[in-house]
Amino acid sequence: MAARVNYKVPLQQTLFELPLPESPQQTQSAYGSLWAALYLPQLSLEVLTTCDADKPCLVVHPQGGQMRVWALSATAATFGIATGMTVTEAYALCPELEILPRDHAAEQNALRQVAEWAGRYTSMVSLEPDGLLLELAGSLQLFGGLEKLLTRLRNDSSELKHLITVALAPTPQSALLLARCNEERVVEDIQSLRAELGALPITALPLSDKQAALAIRLGLRTLRDLWRLPSDGLAKRFGLAFTDYLDRLLGRRPEPRLAYESEPTFTTRWFFPTETDNLSFIFHGLEKLVVRLVSFMRLRGLSLNHLELLFYHSQHTTTRMELRSQQLCHQAEHLLMLMHERLERQQLQA
């Protein structure tokens, strides 16, 4: 059995006056900022429920006219398979492979859920295809400093059931680069970025195949090798788009970011490990859902007087339960009391 909570925000029932709709929030400059990159290296695998991590499993994606390995399980990696390989090359190493297509919609949905969770730390959350960026400079005082905020963020990330790499840096691109290289570092000083990034491989940069081949011919192995070249020469060889990226990476040019804005609709689920008719066990699941709902409302200054609960049974139709209150509710204790009273009166059909 599974339980789900649906809640559509009634704008006329908010506790606080809501601002008029605006264009997506943007940061004005990268200077003076502190960005946390949350990189999800296994996202493509984690969203596919049919993929067994204990088996050699691949997620594939069309690249350069061929299906190539986009993500792979740890078991598949033991056969020498790596991202970027063609499916034919991977099959040659392990004929028992399970091949699954990449599910872009599921990945985006998962990222939106992580973005909702990340809203508890900052109002500036920006989505990337493989993770998120959080601007934390404005949240440091609220959470008692960087160390406490970072500790809480890492501890709370266990709620997400995603493998997450966290890196902090003064610019969005430098934080992303560190996280994607599995470098969980904290770089606060923009002046030290060149030194902190210097040992990273140049292949970690967003290079085309032609640019990557050129870097090899020039003997460029790390970013430190790249720093030694004059900017004019880099622009001629690698193009203006690449030097623009380097300027944003090192904070020489600001990078405005669009803030994630969620729809005013909240839906969440809780899956029980086995079928159950135990009221205490069911109520434990509802407590977890209410915590998420209250967090959603608190971030938006919202309240409710109508809540819908759906209980899914394996062999019967869904049980629908509606809770209504004459007063607006925004406290977990009040909502849980209403649920408990209603559950004691209503008999679930299975």
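Within straight-line reach of K236, meaning a Cα separation under 30 Å, sit the following lysines at least 8 residues removed in sequence or on another chain: K210.
Calculate the FRET efficiency for A74 and Q108 from the Cβ-Cβ distance with a Förster distance of 30 Å, rounded to the nearest 0.05.
So, using R0 = 30 Å, E works out to roughly 0.75.
Remark: the range 150-285 is approximated by an ellipsoid whose semi-axes, taken from the C-alpha gyration tensor as √(5λ), come to 43, 16, 16 Å, largest first.
As an exercise, use a Förster radius of 41 Å and the Cβ-Cβ distance of L207 and Q141 to find the FRET efficiency, rounded to the nearest 0.05. Display every interim value, and only then the final one.
Working: r = 39 Å, r/R0 = 0.96.
For L207 and Q141, the calculated efficiency is 0.55.
Size of the dipole of the range 72-212 about the Cα centre, Lys and Arg at +1 and Asp and Glu at -1 on the beta carbon, nothing else charged, in debye to 20?
Values: 11 positive and 18 negative charges, 50 e Å.
Rounded to the nearest 20 debye, it is 240 debye.
Ranked from highest to lowest mean number of other Cβ atoms within 10 Å per residue, what is the order of the peptides 37-48, 207-218?
Numbers: 37-48: 22.0, 207-218: 12.8.
Per-residue mean Cβ counts within 10 Å order the peptides as 37-48, 207-218.
Rounded to the nearest 20 debye, the dipole size of the range 218-350 about its Cα centre is 820 debye, using +1 on the Cβ of Lys and Arg and -1 on the Cβ of Asp and Glu. Look at the dipole of the chain built from charges on Cβ: of S280, T50, L197, the Cα furthest out on the positive end belongs to L197.
Normalised by residue count, the range 209-350 yields a Cα convex hull volume of 223 Å³ per residue. Of all aspartates and glutamates in the structure, those lying under 13 Å Cα to Cα from K55, and not within fewer than 8 positions of it along the same chain, are E96, E98. Residue by residue, the range 213-228 carries 3J(HN,Hα) couplings of 5, 5, 4, 5, 5, 7, x, 8, 10, 10, 5, 4, 5, 5, 4, 6 Hz when phi is fed to the Karplus relation 6.51 cos²θ - 1.76 cosθ + 1.60 (θ = phi - 60°); x denotes Gly or Pro. Dipole of the chain computed with +1 at Lys/Arg Cβ and -1 at Asp/Glu Cβ about the Cα centre; of L134, L310, P41, farthest Cα towards the positive end is L134.
Within a straight-line Cα-Cα reach of under 14 Å, K148 can be paired with the following aspartates and glutamates, leaving aside sequence neighbours fewer than 8 residues apart in one chain: D156. Note on the range 219-313: with neighbouring protein chains present and a 1.4 Å probe, carbon and sulfur make up 52 percent of its accessible heavy-atom surface. Computed about its Cα centre, the charge dipole of the range 184-282 is approximately 880 debye, with only Lys, Arg, Asp and Glu carrying charge at their Cβ. Taking a probe of 1.4 angstrom, what is the accessible area of K148 in Å², to the nearest 10? Surface accessible to solvent at K148 totals approximately 140 Å². Per residue, the convex hull spanned by the Cα atoms of the range 268-330 measures out at 92 cubic angstrom. Applying 0.36 nm per residue to the separation of T151 and S314 and subtracting their alpha-carbon distance, the gain on full extension is 54.7 nm.
For Q331 and T86, what does the FRET efficiency come to when R0 = 56 Å and r is the distance between their Cβ atoms, rounded to the nearest 0.05? Please report the intermediate quantities before stating the final value.
Numbers: r = 56 Å, r/R0 = 1.00.
E between Q331 and T86, to the nearest 0.05, is 0.50.
The label-point distance for E159 and A235, in a model that sets each label 7 Å from Cα toward Cβ, rounds to 4.7 nm.
The values are calculated or read from the model by the stated rules, or taken from the named source; none is laboratory data. Keep in mind it's a predicted model, so treat the numbers as computed, not measured. Glycine gets a Cβ as well: all are built from the backbone with ideal geometry, and neighbour counts include every protein chain shown. What goes into the accessible areas is simple: the full protein's heavy atoms, side chains included, and nothing from ligands, DNA or RNA. Shrake-Rupley method; radii C 1.70, N 1.55, O 1.52, S 1.80 Å.
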